[in-house]
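None of the figures in this text is laboratory data; all of them are computed from the coordinates on show. This one's a predicted model, so the numbers in the text were calculated from it and none came from an experiment. Every residue, glycine among them, receives a Cβ derived from its backbone with ideal geometry; neighbour counts consider all protein chains shown.
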Amino acid sequence: ISRSEMRPLFFIACAIFLTRACSPPSSRTMSDEEILKSGDRLYSRYICNTCHSLEGEEVYGPPLDGLYMSRVEVIRNGETITVTADRAYLKKAILDPQFEEVAGYESKDMPDVHITEKEVDLLVEYLVRMGQTE
């Protein structure tokens with residue numbers, strides 16, 4: 001390969017390296033303390049606290065403390081069903097809040113937030129850890 005042909009490859013390699021080096025760490029590599037601190041920042045940044053409490057209080061939307069792995073009644077496609085609030089449920093609820101509604105909160109729409117996949121994963125881990133620290 002000639003020098004001129006290598007140049008674009010070099011820039012692509014640099015871009016990949018910088019993207020990975022500068023992106024926030026995965027929640028899998030973070031300590032519980034780091035997850036709690038970072039998750040708390042995301043919870044505030046995306047103003048989740050405006051509608052959701054972490055202390056069991058009903059604000060506008062359902063409280064989020066103790067939610068992980070609990071049974072939740074939701075309305076999906078006009079039908080009331082009970083689901084388990086596992087990681088997949090929490091992630092789906094954040095990324096696609098119009099997919100289903102928590103029973104009793106049908107008239108309260110959660111806004112679509114423009115959040116990255118890594119931020120969602122971290123926020124989910126934060127909610128999991130919050131449920132474990134009680």
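Computed values, structure above
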item	result
Summed side-chain charge close to E106 - residues other than E106 whose Cβ falls under 12 Å, Lys, Arg +1, Asp, Glu -1	-2
Cα gyration tensor shape of segment 73-134, rounded if a/c is under 1.5, else prolate or oblate by comparing a/b with b/c	oblate
Estimated FRET transfer efficiency (S31, V72; beta-carbon r; R0 22 Å; 0.05)	0.15
Mean Cα-pair separation over length for segment 30-93, i.e. relative contact order, pairs under 8 Å, 6 or more apart, %	17
Taking N as its residue count, the alpha carbon Rg of segment 33-110 over 2.2 N^0.38 Å	1.10
